[in-house]
Amino acid sequence: MNKQNNDSLETAIFAGGCFWCTEAVFQRLAGVREVVSGYTGGAIKNPAYREICTGRTGHAEGIKIKFDPKEVSFTELLEVFFATHDPTTLNRQGNDVGTQYRSEIFYTQPNQKKLAEEFIALLEKEHVFGSPIVTAISEAKPFYVAEQEHHNYYNDNSNQPYCQFIIDPKIKKLNKHFSNKLNTVK
């Protein structure tokens, strides 16, 4: 990672199903400096994974992204976000079902809200998906970092069946459609 003044970095927070998946996708983008898995959007403080799994906390599995807007724009992050999960299924991503797997953008500054609204409007106008987009747009709420075993999950466990069947296709799609936006250094 290049040394850089953290004041020039921006933050994006996305929930798009399992955070193992979204973390793996965004870690590979040029301009992304950090991706942290955690919980956001709910009512209780400092939730644990076992509580999140019940679906009763109101929290979503999410990721907090620190990115350099000179290298990757918020709109480019939105492109990848919408291309690598299903924004048309309410509280569901594949076999993962519950409010903790919802599709939601938690904006950290007003311009992100505007960009997200415009981007969703464009996707809807162009009928990119066969069903209406249900992705919520909300002001960022406290973000609670997930337990250590959830960080860097795909990179550390790529031989696990979940990684092979669920995350590998997302990475292949990312490599195919966004190769010009990927880190060149592994």
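The values are calculated or read from the model by the stated rules, or taken from the named source; none is laboratory data. As the structure is a computational prediction, the values presented were derived from the model and not from experiment. Heads up, the Cβs are rebuilt from the backbone with ideal geometry, glycines too, and the neighbour counts pull from every protein chain shown. These area figures cover heavy atoms from the full protein model, side chains too; ligands, DNA and RNA do not enter into them. Shrake-Rupley method; radii C 1.70, N 1.55, O 1.52, S 1.80 Å.
Report the residue, chosen from 143, 129, 82, that carries the largest GNM mean-square fluctuation when the chain is represented by alpha-carbon nodes joined by springs under 10 Å.
Highest fluctuation of the listed residues: 129.
What is the diffusion coefficient of the range 1-74 in µm²/s, taking the Kirkwood radius over Cα pairs and the Stokes-Einstein relation at 37 °C with a viscosity of 0.692 mPa s?
Working: Rh = 13.2 Å.
Answer from the Stokes-Einstein relation: 249 µm²/s.
Output the antiparallel fraction of DSSP beta bridges having both residues in the chain, as a percent to the nearest 5.
Around 85 percent antiparallel, to the nearest 5.
To the nearest 10 square angstrom, how much accessible area does residue 124 have with a 1.4 angstrom probe?
About 70 Å², rounded to the nearest 10.
Tell me the label-point distance for the pair residue 136, residue 118, using the 7 Å Cα-to-Cβ offset, in nm and rounded to one decimal.
Simple spin-label model gives 2.5 nm for this pair.
Over the chain, give the accessible area per residue in Å² for a 1.4 Å probe, as an integer.
Working: 9770 Å² over 186 residues.
With all protein chains present, the chain gives 53 Å² per residue.
Taking the Cα centre of each part, how many Å lie between the range 5-37 and the range 92-165?
Between the Cα centres of the range 5-37 and the range 92-165 lies a distance of 11 Å.
Can you tell me the length gained on complete extension of the stretch residue 49 to residue 127, counting 0.36 nm per residue apart and subtracting the Cα distance?
Working it through step by step, the gained length comes to 24.5 nm.
Please identify, among 168, 156, 86, the residue showing maximal mean-square fluctuation in a Gaussian network model of the chain using a 10 angstrom Cα cutoff.
156
Could you order 120, 65 so the one with the most accessible surface comes first? Probe is 1.4 Å.
On the way: 120 25, 65 0 Å².
Reading off the accessible areas and sorting them downward yields 120, 65.
Using a probe of 1.4 angstrom, how much of the accessible area of the range 1-74 is carbon and sulfur, in percent?
Numbers: 1430 of 3200 Å².
Roughly 45 percent, rounded to a whole number.
Step through the residues of the range 153-158 one at a time and calculate ³J(HN,Hα) from phi using the Karplus curve (6.51 cos²θ - 1.76 cosθ + 1.60, θ = phi - 60°), rounding each to whole Hz and writing x for Gly and Pro.
4, 4, 4, 8, 9, 5
Keeping all protein chains in place and using 1.4 angstrom, which order do 92, 50, 33, 56 fall into by accessible surface area, from largest down?
56, 50, 92, 33
Which order do you get for 11, 75 if you rank them by accessible area with a 1.4 Å probe, largest at the top?
Result, largest first: 75, 11.
Mind computing the radius of gyration and Dmax over the alpha-carbon atoms of the chain? Å is fine for both.
15.5, 43
Among 46, 95, 111, which one moves the most in a GNM of the chain with springs linking Cα atoms closer than 10 Å?
Maximum fluctuation in the GNM of the chain, among the listed residues, is at 95.
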